[in-house]
1. Of everything in the range 1-47, what is assigned to a helix (DSSP H, G or I) and open to solvent by 80 Å² or more (accessible area, probe 1.4 Å)? Give them in sequence order.
2. List every residue pair whose Cβ atoms lie under 9 Å apart, where the two residues are 6 or more positions apart in sequence or sit on different chains, the first residue falls within the range 67-85 and is without any contact (Cβ under 8 Å) to a residue 60 or more places away in the chain, and the second residue, located anywhere, is assigned to a strand (DSSP E or B).
3. Please state which one of 182, 228 is surrounded by 15 or more Cβ atoms within 10 Å (Cβ to Cβ), under 13 Å from the mean Cα position of the chain (by Cα) and part of a helix (DSSP H, G or I).
4. Could you pull out the residue among 210, 152, 222, 130 that is charged (D, E, K, R), open to solvent by 40 Å² or more (accessible area, probe 1.4 Å) and not in a helix (DSSP H, G or I)?
5. Residue 81 versus (1) in a loop (DSSP other than H, G, I, E, B); (2) open to solvent by less than 40 Å² (accessible area, probe 1.4 Å): which is the lone unmet condition?
6. Read through the list (1) open to solvent by 60 Å² or more (accessible area, probe 1.4 Å); (2) touching a residue at least 40 places away in the same chain (Cβ under 8 Å); (3) farther than 26 Å from residue 118 by Cα; (4) touching an Asp or Glu at 6+ places or on another chain (Cβ under 8 Å), then give the number of the only condition that residue 53 fails.
7. State which residue pairs qualify: first residue more than 18 Å from residue 24 (Cα to Cα) and inside the range 207-233, second residue in a helix (DSSP H, G or I) and at pLDDT below 90 in any location, beta carbons under 9 Å apart, and separation of 6 or more residues or different chains.
8. Restricting to the range 56-69, and then to whatever is more than 16 Å from the chain's Cα centre (by Cα) and open to solvent by 20 Å² or more (accessible area, probe 1.4 Å), can you tell me which residue is nearest to residue 102 (Cα to Cα)?
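The values are calculated or read from the model by the stated rules, or taken from the named source; none is laboratory data. Predicted model only: the values in this text are computed from it and were never measured. As a convention, Cβ positions derive from the backbone with ideal geometry for all residues, glycine included, and neighbour counts pool all protein chains shown. Keep in mind that these areas ignore ligands, DNA and RNA; they rest on the heavy atoms of the full protein, side chains included. Shrake-Rupley method; radii C 1.70, N 1.55, O 1.52, S 1.80 Å.
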Amino acid sequence: MTSQKIAIMGAMPEEIEPIIDKLENVQTDVYGDNKYYEGTYHGQEVVVAYSKIGKVFATLTATTLIEKFGCDILLFSGVAGAISDELKIGDLIIANGLCQHDLDITAFGHPFGYVPEGNVCISTDTVLRDIAKTVAKEKGLTIKEGIIATGDQFIADPERKEWIKSTFKADALEMEGASVAVVCNALNVPFFILRAISDSADMDASFNFDAFLESSAKISADFILSMVDTIGR
(Lines give C-alpha, C1' and ligand atoms only; values in the text may rest on other atoms or scores of the structure.)
Protein backbone atom coordinates (compact mmCIF):
# COMPACT_ATOMS: atom_id res chain seq x y z
CA MET A 1 0.00 0.00 0.00
CA THR A 2 3.02 2.33 -0.27
CA SER A 3 3.19 5.47 -2.44
CA GLN A 4 -0.53 6.06 -2.41
CA LYS A 5 -2.43 9.24 -1.65
CA ILE A 6 -4.76 8.90 1.31
CA ALA A 7 -8.03 10.77 1.73
CA ILE A 8 -9.25 11.51 5.26
CA MET A 9 -12.84 12.64 5.77
CA GLY A 10 -14.99 13.80 8.63
CA ALA A 11 -18.53 15.18 8.62
CA MET A 12 -17.81 18.25 10.77
CA PRO A 13 -14.88 20.71 11.07
CA GLU A 14 -14.22 19.57 14.65
CA GLU A 15 -13.55 16.06 13.37
CA ILE A 16 -10.73 17.04 11.01
CA GLU A 17 -9.08 19.95 12.84
CA PRO A 18 -6.87 17.71 15.07
CA ILE A 19 -5.70 15.92 11.91
CA ILE A 20 -4.88 19.09 9.99
CA ASP A 21 -2.90 20.36 12.99
CA LYS A 22 -0.53 17.38 12.64
CA LEU A 23 0.13 17.78 8.91
CA GLU A 24 3.13 19.40 7.26
CA ASN A 25 3.28 21.51 4.09
CA VAL A 26 -0.47 22.15 4.17
CA GLN A 27 -2.08 23.79 1.15
CA THR A 28 -5.77 24.70 1.08
CA ASP A 29 -7.81 24.25 -2.07
CA VAL A 30 -11.41 25.38 -2.51
CA TYR A 31 -13.56 23.28 -4.80
CA GLY A 32 -17.30 22.68 -4.99
CA ASP A 33 -17.92 25.17 -2.17
CA ASN A 34 -15.71 23.20 0.21
CA LYS A 35 -12.11 23.28 1.47
CA TYR A 36 -9.59 20.51 0.88
CA TYR A 37 -6.33 20.42 2.82
CA GLU A 38 -3.38 18.80 1.03
CA GLY A 39 -0.32 17.97 3.08
CA THR A 40 2.00 15.27 4.32
CA TYR A 41 2.17 13.20 7.48
CA HIS A 42 5.55 11.60 8.09
CA GLY A 43 6.15 11.88 4.35
CA GLN A 44 2.84 10.31 3.35
CA GLU A 45 0.62 12.39 1.03
CA VAL A 46 -2.84 13.04 2.46
CA VAL A 47 -5.85 15.16 1.54
CA VAL A 48 -8.26 16.07 4.35
CA ALA A 49 -11.80 17.43 4.11
CA TYR A 50 -15.00 17.61 6.08
CA SER A 51 -18.08 16.80 4.06
CA LYS A 52 -20.79 18.67 5.97
CA ILE A 53 -23.65 16.59 7.33
CA GLY A 54 -25.73 14.22 5.22
CA LYS A 55 -25.45 11.77 2.35
CA VAL A 56 -25.41 14.24 -0.55
CA PHE A 57 -22.53 16.33 0.79
CA ALA A 58 -20.62 13.19 1.80
CA THR A 59 -21.03 11.80 -1.72
CA LEU A 60 -19.80 15.04 -3.26
CA THR A 61 -16.77 15.21 -0.98
CA ALA A 62 -15.76 11.57 -1.39
CA THR A 63 -16.07 11.79 -5.18
CA THR A 64 -14.01 15.00 -5.27
CA LEU A 65 -11.26 13.47 -3.12
CA ILE A 66 -11.00 10.52 -5.50
CA GLU A 67 -11.63 12.10 -8.90
CA LYS A 68 -10.08 15.57 -8.52
CA PHE A 69 -7.36 14.97 -5.93
CA GLY A 70 -6.47 11.45 -7.04
CA CYS A 71 -6.77 9.72 -3.68
CA ASP A 72 -6.26 5.96 -3.70
CA ILE A 73 -7.57 5.13 -0.21
CA LEU A 74 -10.29 6.79 1.87
CA LEU A 75 -10.47 6.85 5.67
CA PHE A 76 -13.56 8.34 7.33
CA SER A 77 -13.93 9.10 11.04
CA GLY A 78 -16.69 10.71 13.05
CA VAL A 79 -19.41 10.07 15.60
CA ALA A 80 -22.44 7.79 15.58
CA GLY A 81 -25.39 6.82 17.72
CA ALA A 82 -25.61 3.33 19.17
CA ILE A 83 -28.46 0.96 18.49
CA SER A 84 -26.67 -2.13 19.76
CA ASP A 85 -27.00 -2.69 23.50
CA GLU A 86 -23.31 -3.58 23.55
CA LEU A 87 -22.21 -0.07 22.53
CA LYS A 88 -21.76 2.68 25.11
CA ILE A 89 -20.80 6.34 24.86
CA GLY A 90 -17.12 6.65 23.94
CA ASP A 91 -16.84 3.19 22.35
CA LEU A 92 -15.13 2.93 18.97
CA ILE A 93 -16.74 0.92 16.19
CA ILE A 94 -15.37 0.11 12.75
CA ALA A 95 -17.83 -0.71 10.00
CA ASN A 96 -17.58 -4.07 8.28
CA GLY A 97 -20.60 -3.05 6.23
CA LEU A 98 -22.81 -0.01 5.62
CA CYS A 99 -26.44 0.32 4.53
CA GLN A 100 -28.94 3.12 3.85
CA HIS A 101 -31.84 2.79 6.27
CA ASP A 102 -33.89 5.54 4.60
CA LEU A 103 -33.72 4.07 1.08
CA ASP A 104 -37.12 2.57 0.36
CA ILE A 105 -38.45 1.22 -2.92
CA THR A 106 -40.23 -1.69 -1.29
CA ALA A 107 -43.34 -0.74 -3.28
CA PHE A 108 -41.59 -2.34 -6.27
CA GLY A 109 -40.87 -5.57 -4.43
CA HIS A 110 -37.33 -4.80 -3.32
CA PRO A 111 -35.99 -5.06 0.25
CA PHE A 112 -35.36 -1.93 2.32
CA GLY A 113 -32.05 -0.28 1.46
CA TYR A 114 -31.79 -1.81 -2.02
CA VAL A 115 -31.73 -0.27 -5.49
CA PRO A 116 -31.41 -2.30 -8.70
CA GLU A 117 -27.77 -3.07 -9.57
CA GLY A 118 -26.82 -2.08 -6.03
CA ASN A 119 -26.39 -3.76 -2.66
CA VAL A 120 -28.28 -3.43 0.59
CA CYS A 121 -24.97 -3.54 2.48
CA ILE A 122 -21.53 -2.59 1.16
CA SER A 123 -18.46 -4.09 2.83
CA THR A 124 -15.43 -2.06 3.85
CA ASP A 125 -11.89 -3.05 2.94
CA THR A 126 -10.66 -6.06 4.94
CA VAL A 127 -6.99 -5.01 4.79
CA LEU A 128 -7.79 -1.59 6.25
CA ARG A 129 -9.92 -3.21 8.95
CA ASP A 130 -7.00 -5.48 9.85
CA ILE A 131 -4.70 -2.46 10.04
CA ALA A 132 -7.18 -0.77 12.37
CA LYS A 133 -7.26 -3.82 14.63
CA THR A 134 -3.47 -3.82 14.80
CA VAL A 135 -3.42 -0.10 15.63
CA ALA A 136 -6.05 -0.60 18.33
CA LYS A 137 -4.01 -3.40 19.88
CA GLU A 138 -0.85 -1.27 19.89
CA LYS A 139 -2.74 1.56 21.60
CA GLY A 140 -4.51 -0.67 24.08
CA LEU A 141 -7.90 0.33 22.69
CA THR A 142 -10.97 -1.84 22.31
CA ILE A 143 -12.75 -1.48 18.99
CA LYS A 144 -15.93 -3.20 18.00
CA GLU A 145 -16.90 -4.23 14.49
CA GLY A 146 -20.36 -4.18 12.99
CA ILE A 147 -22.86 -2.82 10.51
CA ILE A 148 -23.46 0.93 10.44
CA ALA A 149 -26.73 2.30 9.04
CA THR A 150 -26.83 5.68 7.30
CA GLY A 151 -29.73 8.03 6.62
CA ASP A 152 -30.56 11.70 6.12
CA GLN A 153 -32.30 11.83 9.49
CA PHE A 154 -31.18 12.21 13.08
CA ILE A 155 -32.96 9.26 14.65
CA ALA A 156 -34.21 9.84 18.19
CA ASP A 157 -37.31 7.62 18.13
CA PRO A 158 -36.71 4.31 19.99
CA GLU A 159 -39.15 2.44 17.76
CA ARG A 160 -37.39 3.60 14.60
CA LYS A 161 -34.02 2.63 16.09
CA GLU A 162 -35.34 -0.83 16.89
CA TRP A 163 -36.71 -1.18 13.35
CA ILE A 164 -33.34 -0.26 11.83
CA LYS A 165 -31.58 -2.64 14.18
CA SER A 166 -33.83 -5.58 13.28
CA THR A 167 -34.14 -4.81 9.56
CA PHE A 168 -30.46 -4.28 8.80
CA LYS A 169 -28.80 -6.05 11.77
CA ALA A 170 -27.17 -2.67 12.39
CA ASP A 171 -25.14 -1.69 15.43
CA ALA A 172 -24.88 2.09 14.98
CA LEU A 173 -26.45 5.01 13.14
CA GLU A 174 -25.01 8.04 11.37
CA MET A 175 -25.62 10.27 8.34
CA GLU A 176 -22.73 9.85 5.86
CA GLY A 177 -20.98 6.49 5.83
CA ALA A 178 -23.07 4.46 3.38
CA SER A 179 -22.91 7.18 0.74
CA VAL A 180 -19.11 7.15 1.02
CA ALA A 181 -19.30 3.37 0.68
CA VAL A 182 -21.33 3.63 -2.54
CA VAL A 183 -18.81 6.04 -4.09
CA CYS A 184 -15.74 4.02 -3.10
CA ASN A 185 -17.32 0.74 -4.16
CA ALA A 186 -18.25 2.13 -7.57
CA LEU A 187 -14.78 3.64 -8.13
CA ASN A 188 -12.86 0.64 -6.71
CA VAL A 189 -11.22 2.64 -3.92
CA PRO A 190 -10.49 0.83 -0.62
CA PHE A 191 -12.25 2.59 2.26
CA PHE A 192 -12.58 2.45 6.02
CA ILE A 193 -15.13 3.91 8.47
CA LEU A 194 -14.40 4.60 12.14
CA ARG A 195 -17.07 5.97 14.49
CA ALA A 196 -17.03 7.01 18.14
CA ILE A 197 -20.34 6.46 19.90
CA SER A 198 -21.80 9.81 20.98
CA ASP A 199 -25.22 8.70 22.20
CA SER A 200 -26.81 5.48 23.36
CA ALA A 201 -30.02 4.18 24.84
CA ASP A 202 -28.82 4.65 28.40
CA MET A 203 -27.32 8.14 28.13
CA ASP A 204 -28.27 10.73 30.74
CA ALA A 205 -29.30 14.38 30.46
CA SER A 206 -25.96 15.66 31.76
CA PHE A 207 -24.12 14.49 28.63
CA ASN A 208 -22.23 17.34 26.90
CA PHE A 209 -22.02 16.63 23.17
CA ASP A 210 -19.64 19.50 22.36
CA ALA A 211 -17.15 18.37 24.99
CA PHE A 212 -17.46 14.79 23.80
CA LEU A 213 -16.93 15.80 20.16
CA GLU A 214 -13.72 17.64 21.04
CA SER A 215 -12.27 14.75 23.04
CA SER A 216 -13.37 12.00 20.65
CA ALA A 217 -12.02 13.93 17.65
CA LYS A 218 -8.55 13.88 19.21
CA ILE A 219 -8.72 10.15 19.89
CA SER A 220 -10.02 9.43 16.40
CA ALA A 221 -7.42 11.71 14.79
CA ASP A 222 -4.60 9.91 16.60
CA PHE A 223 -6.06 6.56 15.52
CA ILE A 224 -6.48 7.54 11.87
CA LEU A 225 -2.97 9.04 11.66
CA SER A 226 -1.53 5.85 13.12
CA MET A 227 -3.30 4.00 10.32
CA VAL A 228 -1.74 6.41 7.81
CA ASP A 229 1.69 5.55 9.24
CA THR A 230 1.00 1.83 8.87
CA ILE A 231 -0.35 2.17 5.33
CA GLY A 232 2.68 4.23 4.32
CA ARG A 233 5.25 1.66 5.48
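1. Within the range 1-47, the subset assigned to a helix (DSSP H, G or I) is 13-20.
Residues satisfying the conditions are 14, 17.
2. 68/29; 68/31; 68/36
3. Numbers: 228 fails: under 13 Å from the mean Cα position of the chain (by Cα).
After applying the criteria, what remains is 182.
4. On the way: 210 fails: not in a helix (DSSP H, G or I); 222 fails: not in a helix (DSSP H, G or I); 130 fails: not in a helix (DSSP H, G or I).
Only one candidate passes the filter, namely 152.
5. Only one criterion in (1) in a loop (DSSP other than H, G, I, E, B); (2) open to solvent by less than 40 Å² (accessible area, probe 1.4 Å) is unmet by residue 81, namely (1).
6. For residue 53, the exception is condition (3).
7. The qualifying pairs are 210/14; 213/14; 213/15; 214/14; 216/15; 217/14; 217/15; 220/15.
8. 67
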